[in-house]
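Written out below as structure tokens is the structure these notes cover.
Just so it is clear, none of the values below were taken in a lab; they were calculated from the coordinates. Predicted, not measured: the structure shown is a model, and the values here were computed from it. Don't worry about glycine lacking a Cβ; one is built from the backbone with ideal geometry, like all the others, and counts go over all protein chains shown.
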Amino acid sequence: MNPRLRLLHPYPFERWAEIVRGVQPDTSRAPINLGIGEPRHAAPELVRRAIAAALPGLASYPPTRGTPALRQACAAWLARRYGVDVDAETQLLPVNGSREALFAFAQVAVDASRPGATVVCPNPFYQIYEGAALLAGAELAFANSDPARNFAADWRLIDDATWARTQLLYVCSPGNPTGAVIPLAEWQRLFELSDRHGFVIASDECYSEIWFGDAPPLGGLQAARRLGRGDFRRLVVFTSLSKRSSVPGLRAGFVAGDAEWIRAFALYRTYHGSAMGPLAAAASIAAWGDEAHVEAGRALYREKFARVTPILAEVLDVRLPDAGFFLWAGLPGRGGRPADDVAWARGLFAQYNVTVLPGSLLARDAHGANPGAGRIRLALVAGVDECLDAARRIAAYAPTSLMQGSAPDHGRLPR
């Protein structure tokens, strides 16, 4: 058995299940789960129609590199969304969702025979980065989030000696769980580090289509083009339909970027057996070609954030993220001490039947702190009314959480 499996940490949701094992929530209130980032908007009808029409394709093995029509649909979307042109033959590869691709890419990028092989990632982070690095035989280095910059990763915390050992850098923009978007100046700094030390950048951009301002978030390929890096050297971006089109069960996305790295990744995937099936491919072509359903979903998220955030802001340290569907909320402390986010979330579940994810479960101790401590992640993925109900329950619970031993107030919830 691979001894590296013993290095893996339990997934946050597994840890949460253990934390609340035996807890009996107040069943007078319907359960509301804001813990998992699983979009619950209705799947687009055009996706359903495309799947039905593609059923005859089940009689054939799908190609590892996807069909030309699928690659062209993905490349056309990149051109419309970011104004960048990629060669659909050499710079793009369909994948079964960003999660499996982000994991598999580390197995291609890491040379564990080199002493001190290191993978750098933000902290807090999507735990796939950590598991991928450990199973590839690498060490991990974390860049903690900076509250002063809306919780963007502070790459200055990584010293020169660590950068020199780095083989792979994971970035997430918009970030999970913080929602921070990497600006052009920061991209320039990361590209300079990549040029100096030779590591590849894997940019996780699966939340890119949920945004609140007038302009959509900057993407990695877009930043590279603006900075004169039209070959996208040592850059591969990962995106998915799960969040954009509310089809997490489809498991469909693509990677694009440096042709050399795409070629190596395609070779790995030939043996990995991860070709996208014909139903997902047909649905993907339809989804990448349509923006109306994306705009409708974005409008729903904007409404939820606009109505929920003011309620939560009265009791939590919460602000609108740059993008994405998470709120990264600070909890009320006591006597100058930060709140115990695990105990707080457990109490909320017990007293008000609302599930949120403790921030410390999404981060690791690094640079003398766990940057998720004292915070919770709320995924506003349910309907507007359900998110509002959850926000009102949280607003009712927060004041009582400061009073040890006091009975919870199950009375009138705030509007």
Length gained if Ala292 through Arg319 is fully extended, taking 0.36 nm per residue and subtracting the Cα-Cα distance, is 6.9 nm
Taking Rh as the Kirkwood radius computed over alpha-carbon pairs of the stretch 45-290 and applying Stokes-Einstein at 4 °C with viscosity 1.567 mPa s, one gets a diffusion coefficient in µm² s⁻¹ of 71 µm²/s
For the chain, the charge dipole (Cβ of Lys, Arg +1; Cβ of Asp, Glu -1; about the Cα centre) points to a positive end, and the Cα of Phe212, Gly330, Ser28 closest to that extreme belongs to Ser28
Whole-Å distance linking the alpha carbon centroid of the stretch 273-306 with that of the stretch 116-194 is 27 Å
From fewest to most C-beta neighbours within 10 Å, the residues Ile128, Ile19, Ile210 line up as Ile19, Ile128, Ile210
Inter-part gap, Cα centre of the stretch 231-250 to Cα centre of the stretch 342-395, in whole angstrom, is 26 Å
Sorted on mean Cβ neighbours within 10 Å (highest first), peptides 57-63, 6-12 come out as 6-12, 57-63
The exposure ranking of His293, His367, fewest beta-carbon neighbours within 10 Å first, is His367, His293
FRET efficiency for Phe212 and Ala59 from the Cβ-Cβ distance with R0 = 35 Å, rounded to 0.05, comes out at 0.20
Along the dipole axis of the stretch 45-290 (charges at Cβ: +1 for Lys and Arg, -1 for Asp and Glu; origin at the Cα centre), the most positive-end residue among Val247, Ile128, Leu157 is Val247
Ranked output for segments 220-232, 189-201, 322-334 by mean other Cβ atoms within 10 Å, highest leading, reads 322-334, 220-232, 189-201
Using the Kirkwood formula on alpha carbons, the hydrodynamic radius of the chain in angstrom works out to 22.2 Å
Quick calc, the chain, dipole around Cα centre from Cβ unit charges on Lys, Arg (+) and Asp, Glu (-), nearest 20 debye, gives 400 debye
With +1 at each Lys and Arg Cβ and -1 at each Asp and Glu Cβ, the charge dipole magnitude of the stretch 45-290 around its Cα centre, to the nearest 20 debye, comes out at 460 debye
The size of the Cβ-based charge dipole (Lys, Arg +1; Asp, Glu -1) of the stretch 154-207 about the Cα centre, to the nearest 20 debye, is 80 debye
For Thr162, Thr118, ascending order of other Cβ atoms within 10 Å (fewest first) is Thr162, Thr118
Projected area averaged over all directions for the convex hull of the alpha carbon atoms of the stretch 41-122, nm², comes out at 8.9 nm²
Note on the chain: helices (DSSP H) long enough, at least 18 Å by alpha carbon along their axis, and hydrophobic enough, mean Kyte-Doolittle at least -1.0, are 68-82, 184-197, 259-272, 292-313, 384-401
Rh_Kirkwood(the stretch 198-301) over Cα pairs, Å, one decimal, evaluates to 15.2 Å
P(r) over all Cα-Cα pairs of the stretch 226-359, 10 Å bins from 0 to the longest distance, whole percent per bin, short to long, reads 9, 24, 26, 23, 15, 2
Within the stretch 1-23, the residues whose backbone N lies under 11 Å from a label point placed 7 Å from the Cα of Ala369 along the Cα-to-Cβ direction are none
